[in-house]
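A.B. asks: Next up is a structure, given as structure tokens.
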Amino acid sequence: MSAKSKNYLSFPIGFIEGSGLSSTSKLYRKILSLGVFLPMTFVLLYLIIRKFREEKRDVLMIAEVFEAITTCAHLLQRKYVMFMHRKLIKEVNKDRDENFWKYDLISTEMGLSFERQMIILFDRSKVVPLMCWTPEDNKLLTAVIYIMQVLIMLEIMWALLSLDSFYLLMCTDLRIQFLLLQKTIQSVKLGEGSDTKGLVKIIDCTKHHKFLLRIHGKINTIFSSYFIMLYLVTVACASMHSYIILFKSPSLGDSIKSVCYLSGMLFQVGLYFVITSNIEIEAENLCEEIYNINWEGTTNLKIRKHILFMLMKAQEPVSITGGGMLHVNRNEYVGLVRLAYSIATILGGMT
């Protein structure tokens, strides 16, 4: 029993033809795919292997090479399948279009359910990546909106690589500086004629500690509003997707989409909170290292005053805050997850 139902396969078929590997692809696409990009892929593979042969080999090096090769292999494998079986792919699409039964064969309700399962995977009505209004008949304006969204997403990636990487690297660097400060303080020995060298080290450590606190304060000022917005957006999105997963009983496609989005978002936010919390931990450990200086081994009042001053400064809280209302650390991250789950539970009880 055949049917003239919607052919959802036309979406990937269009991309296969656009790849230049189909028998009906335009000539310039075939030239680009087989004459330009395919040789480039093999050249890249050669350069990867050459780098592997020239560098010192260890586990990390092998892992990076494996990752690079498999990335190229994924592309070559798909190109091989699309090129070698291009006629068979067209036959499958034609057979599906002519002989598959209608989705509403049993009932209209079941037909709508099957339609939704296909729309979730490839919604032909969604002609742009992000949800927004598009004109029905104006293809040129739709293409302009599509290009705008693609450019915006590229800019998002650029901003992510710019600001977020700056923050993560600075926080890691600050943590390292606090560790170096601890090691330097551990090397301070007082008494037995070493008070002069010990005083020089203590003064240097005091100055460097004050400098690190100023840098930390500047970073806090830069990212204060960013983290309050990140917190609010994360709670809202996490609670919504948790509600969908736990109480909405969606289709498998909706569940997988929500789980992937929620996992990726929580991992990204958790990375910021954990790395920031590491600075607090090392700053707290600095207090213990200062206290463990053998200050009782010297009678030099100046040294004791410097140690006391540095200990007082080290006891001041070192934390990144979001708008002065939340602390960016591990405990706050756990609270964020709990809050999102609580909101999802409340929404589930109301429906």
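The values are calculated or read from the model by the stated rules, or taken from the named source; none is laboratory data. Note that the structure is a prediction, hence the values are computed from the model and not measured. Cβ coordinates were reconstructed from backbone atoms using ideal geometry, including for glycine residues, and neighbour counts include every protein chain displayed. Ligands, DNA and RNA are stripped out before the accessible areas are found, and what is left, the full protein with its side chains, is counted by its heavy atoms. Shrake-Rupley method; radii C 1.70, N 1.55, O 1.52, S 1.80 Å.
A.B. asks: Using a Cα-Cα cut-off of under 23 Å, which lysines could be cross-linked to Lys313, ignoring same-chain neighbours fewer than 8 residues away?
C.D. replies: Cross-link targets: Lys183, Lys189, Lys197, Lys201, Lys207, Lys210, Lys218, Lys302, Lys305.
A.B. asks: Another one. Checking the cross-link filter: which lysines have an alpha carbon closer than 28 Å to that of Lys26, excluding same-chain neighbours under 8 positions apart?
C.D. replies: Cross-link targets: Lys4, Lys6, Lys79, Lys87, Lys90, Lys94, Lys126, Lys139.
A.B. asks: Output the 0 to 90 degree angle, nearest 10, between the alpha-carbon long axis of helix 330-350 and the longest principal axis computed from the alpha carbons of the chain.
C.D. replies: Here the helix axis deviates by roughly 40 degrees.
A.B. asks: How big is the dipole moment of the chain about its Cα centre under a simple scheme where the beta carbon of each Lys and Arg is +1, that of each Asp and Glu is -1, and everything else is neutral? Debye, nearest 20, please.
C.D. replies: With only Lys, Arg, Asp and Glu charged at Cβ, the dipole is about 840 debye.
A.B. asks: So how far, in whole Å, is the C-alpha centre of segment 261-331 from the one of segment 155-204?
C.D. replies: 11
A.B. asks: Can you give the longest stretch of the chain with no exposed loop site, where a site means GluC sites (Glu not before Pro) in a DSSP loop (not H, G, I, E or B) with at most 16 other C-beta atoms within 10 Å?
C.D. replies: The segment 193-351 is the longest one with no such site.
A.B. asks: I'd like the chymotrypsin sites (Phe, Trp or Tyr not before Pro) in segment 20-109 restricted to DSSP loop residues with at most 12 other Cβ atoms within 10 Å, sorted by number.
C.D. replies: Answer in residue order: Trp101.
A.B. asks: Still on this model: Treating the angle as unsigned and between 0 and 90°, give the value, to the nearest 10°, between the Cα long axis of helix 165-186 and the longest Cα principal axis of the chain.
C.D. replies: Approximately 30 degrees, to the nearest ten.
A.B. asks: Looking at Gly297, Ile307, Ala340, which one has the Cα that reaches farthest to the positive end of the dipole of segment 247-351 (charges on Cβ: Lys, Arg +1; Asp, Glu -1)?
C.D. replies: Ala340
A.B. asks: With a probe of 1.4 Å, find how much accessible area segment 240-301 has per residue, and write the answer as a whole number in Å².
C.D. replies: With the other protein chains kept in place, segment 240-301 gives 56 Å² per residue.
A.B. asks: Please report, as a whole percent, how much of the solvent-accessible surface of the chain comes from carbon and sulfur atoms (probe radius 1.4 Å).
C.D. replies: 66
A.B. asks: Let me check against my output: what whole-number percent is the relative contact order of the chain, with C-alpha pairs under 8 Å and at least 6 apart?
C.D. replies: 17
A.B. asks: Enter the per residue convex hull volume of segment 258-346, computed from alpha-carbon coordinates, in Å³ rounded to the nearest integer.
C.D. replies: Taking the convex hull of the Cα positions in segment 258-346, it is 106 Å³ per residue.
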